[in-house]
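Asks: I'd like to ask some things about the structure below.
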Amino acid sequence: MGDTPAAASYCAGDLRYAGTGAVEEKKLGDNTSGAARGPVSTLRRIAFLMERQREETRRIEAFRNAARTILPLPEDEVRRRAEAGTLTELAGIGPSTAAVITDACNGVVPERLVALERTAGPLARGGEELRARLRGDLHSHSDWSDGGSPLEEMAMTAMELGHDYLVLTDHSPRLRVANGLSAERLSRQLGVVEAVNEHLGGSFTLLKGIEVDILDDGALDQTPEMLDRLDVRVASVHSKLKMDAAAMTKRMIGAVRNPHANVLGHCTGRLVTGNRGVRPQSQFDAHAVFGACAEEGVAVEINSRPERRDPPTVLLELARDLGCLFSIDSDAHAPGQLDMLDHGAARASEAGIDPDRIVNTWKRDRLLEWASARL
Ligand SMILES: [Zn+2]
Ligand SMILES: [Zn+2]
């Protein structure tokens, strides 16, 4: 935030507009472009709408970086630079982001945003009622591991979406390709999460979490001491997805029986579409694995990412029939992807899952009580 009163009021006004803009349009299902926004809000809105369409993170970051660059500047300076054509002298602002800022300063909605706003409705049909009951999200990544944005940006967007809580679940140490967090880095991250929460004032909470790798033998890839310090833990298989069914079943049940596990993430590991290509689902005894989840009170994740759609429908229905709890998660790697919950809500709704068995329809205190019940 800016240091001068002028900057502070400019930032606050702009951010407030960014917030109500996103939430109002969501509630109203309004696809129209609406009135012009301030420059920071315009840049963030463009980034948000690009992300929920899963456009490439690198292209989107230009808009977020530009927003960060002008956020601390007084409104007068931004306006003056827009008029003089000198915005591109600022670090992180190129010709296309400068054009967006200039339009916003002139009270014009940039063409780019007009086009994007046409895509702004629900991402999926059929789950709207259930989606409206979701109070938060249990699976998200920041740039501490393989996400594209700082954790405070994830928190701010979750607030704008109307969430009461977001669990930050960056990867565990063994997942080196995703810059998984050592115990030491995770410990540092927890300090940052606490600081962010202090600033947020209580109506929204960024919860401490992890997406912890399920190792080959079913153990979890983080120290019990660190896992104890977290609010919610998602356990997922990310390696040796092709191990034989008996070994995979034992591995997954081992993780589910671990009192630290709260959510079984993207259980089959399949990829059905997208730029990473397709990948078949892992083989395991789903009856045994979901049976263990039901016994232990571990939620089966409904992973909302369109390229995952995990679990497949047959398995989703099996978990439903075995009495499992569920968690509809975005697995967002960028702020706009937090909106992908629409997809998971549509699938859960289609499968006729009782909303009270979906843990992220619960209030924060009930969620936290559940997540620590086996410790
Ligand atoms: Zn994962
Ligand atoms: Zn993940």
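The values are calculated or read from the model by the stated rules, or taken from the named source; none is laboratory data. Nothing here was measured: the structure is a model prediction, and the numbers come from that model. Note that we place each Cβ from the backbone using ideal geometry, even for glycine, and neighbour counts take in every protein chain shown.
Residues are listed down the side, and each one gets a yes or a no for (1) charged (D, E, K, R); (2) in contact with a strand residue (DSSP E or B) (Cβ under 9 Å, 6 or more places away or on another chain):
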residue: Glu152; (1), (2): yes, yes
residue: Ser172; (1), (2): no, yes
residue: Leu181; (1), (2): no, yes
residue: Ser187; (1), (2): no, no
residue: Val192; (1), (2): no, no
residue: Val196; (1), (2): no, yes
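Asks: Can you tell me which residue in region 236-260 is surrounded by the most Cβ atoms within 10 Å (Cβ to Cβ), limited to those that are among the basic types (Lys, Arg) and within 16 Å of ligand 1 (Cβ to nearest atom)?
Replies: Going through the qualifying residues, I end up with Arg251.
Asks: I'd like the full set of residues that are surrounded by 15 or more Cβ atoms within 10 Å (Cβ to Cβ), more than 13 Å from ligand 2 (Cβ to nearest atom) and not hydroxyl-bearing (Ser, Thr, Tyr), limited to region 201-213.
Replies: Scanning region 201-213 gives Phe204, Leu206, Leu207, Lys208.
Asks: Okay, moving on. Over 17 Å from Asp170 (Cβ atoms), within 16 Å of ligand 2 (Cβ to nearest atom), part of a helix (DSSP H, G or I) and out of contact with any His (no Cβ under 9 Å at 6 or more places or on another chain): does that describe Ala255?
Replies: Yes: the conditions hold for Ala255.
Asks: Given the criteria outside any helix (DSSP H, G or I), touching a residue at least 40 places away in the same chain (Cβ under 8 Å), within 15 Å of ligand 2 (Cβ to nearest atom) and buried (at least 19 other Cβ atoms within 10 Å of the Cβ), does His266 qualify?
Replies: Here the answer is yes, as His266 does meet what is asked.
Asks: Within the bounds of region 277-288, is there any residue that is in a strand (DSSP E or B), under 19 Å from the mean Cα position of the chain (by Cα) and within 13 Å of ligand 1 (Cβ to nearest atom)? Walk me through how you get there before you give the answer.
Replies: Start the filter on region 277-288 by keeping residues that are in a strand (DSSP E or B), which leaves 279.
Next, from what is left, pick out any that are under 19 Å from the mean Cα position of the chain (by Cα): none.
No: region 277-288 contains no residue that is in a strand (DSSP E or B), under 19 Å from the mean Cα position of the chain (by Cα) and within 13 Å of ligand 1 (Cβ to nearest atom).
Asks: While we're looking at this one, here's another question. Looking at region 83-121 only, could you name the residues that are in contact (Cβ under 8 Å) with a residue 60 or more places away in the chain and of a type in the set (Ser, Thr, Tyr)?
Replies: Thr119
Asks: Continuing with the same structure: Hey, which of the helices (runs of 4 or more DSSP H) in region 306-375, taking only ones fully inside, have at least 2 residues that are at pLDDT below 95?
Replies: none
Asks: Moving to a separate point now. Any idea which of (1) loosely packed, with under 15 Cβ neighbours inside 10 Å; (2) in a strand (DSSP E or B) is the one Arg233 doesn't satisfy?
Replies: Looking at each condition in turn, Arg233 falls short on (1).
Asks: Against the condition away from ligand 1 (no atom under 16 Å from the Cβ) and under 25 Å from Glu160 (Cα atoms), how does Gly209 come out, does it pass?
Replies: no
Asks: Let me ask you something else. Read through the list (1) in contact with a helix residue (DSSP H, G or I) (Cβ under 7 Å, 6 or more places away or on another chain); (2) assigned to a helix (DSSP H, G or I); (3) within 15 Å of ligand 2 (Cβ to nearest atom), then give the number of the only condition that Met226 fails.
Replies: Unmet for Met226, out of (1) in contact with a helix residue (DSSP H, G or I) (Cβ under 7 Å, 6 or more places away or on another chain); (2) assigned to a helix (DSSP H, G or I); (3) within 15 Å of ligand 2 (Cβ to nearest atom): (3).
Asks: Now for a different question. Which condition number does Leu230 fail, the rest of (1) modelled with pLDDT under 95; (2) in contact with a Gly (Cβ under 8 Å, 6 or more places away or on another chain) being met?
Replies: With respect to (1) modelled with pLDDT under 95; (2) in contact with a Gly (Cβ under 8 Å, 6 or more places away or on another chain), Leu230 is out only on (1).
Asks: Report, by residue number, each residue of region 329-368 that is under 18 Å from the mean Cα position of the chain (by Cα) and among the polar types (S, T, N, Q).
Replies: Ser330, Gln337, Asn360, Thr361
Asks: What is the one condition in (1) away from ligand 2 (no atom under 16 Å from the Cβ); (2) of a type in the set (Ser, Thr, Tyr); (3) part of a loop (DSSP other than H, G, I, E, B) that Ser187 does not satisfy?
Replies: (3)
Asks: Can you find, within region 269-300, the residue that is surrounded by the fewest Cβ atoms within 10 Å (Cβ to Cβ) among those that are at pLDDT 95 or above and under 22 Å from Asp170 (Cβ atoms)?
Replies: If we take residues in region 269-300 being at pLDDT 95 or above and under 22 Å from Asp170 (Cβ atoms), then Leu271 is surrounded by the fewest Cβ atoms within 10 Å (Cβ to Cβ).
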